[in-house]
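Everything below concerns the one structure shown next.
Derivation of every value follows stated rules applied to the coordinates shown; laboratory data play no part. On a predicted model such as this, the values are computed, not experimentally measured, just so you know. So basically every Cβ, Gly included, is an ideal-geometry build from the backbone, and we count neighbours across all protein chains shown.
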Amino acid sequence: MAIKSFFTEHPESAGETYGEHFMVAASVSRQLLGAGLAAAVHALLPNLHKTTASERIHSLAHCLETGNREAITPVRKVPCRETLRQAS
């Protein structure tokens, strides 16, 4: 039983199944990797991706802070973009 709780304790504390939590965490990871790559491109070519990394990070943080985990999906380019603009 200890092995099962290792995989389910934290997701349950977030109100999710293991699979749901996996999808959210994988999507967060993808968003952060994309932001990091955009920042690396911007470092080499300053005229490209001027706001991409910061916009993705701010939008992702907004999704997590407001509990809008459904908006963090593998298909969304920038999650919570509209609700972040409305909150500003």
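Tell me, what is the FRET efficiency for M23 and E82 to the nearest 0.05, using R0 = 22 angstrom and their Cβ-Cβ distance as r?
On the way: r = 21 Å, r/R0 = 0.96.
Computed FRET efficiency for M23 and E82 comes out at 0.55.
Where does helix 52-66 land angle-wise versus the long Cα axis of the chain, in degrees 0 to 90, nearest 10?
30 degrees
Place the peptides 59-66, 11-18, 26-33 in order of packing, highest mean first, counting for every residue the other Cβ atoms within 10 Å and averaging per peptide.
On the way: 59-66: 17.9, 11-18: 13.0, 26-33: 14.8.
Packing order, densest peptide first, comes out as 59-66, 26-33, 11-18.
For K4 and E65, compute 0.36 nm times the residue count separating them, minus their Cα-Cα distance, and round to one decimal in nm. Display every interim value, and only then the final one.
Details: separation 61, 0.36 × 61 = 21.96 nm, distance 2.82 nm.
The span from K4 to E65 would gain 19.1 nm if fully extended.
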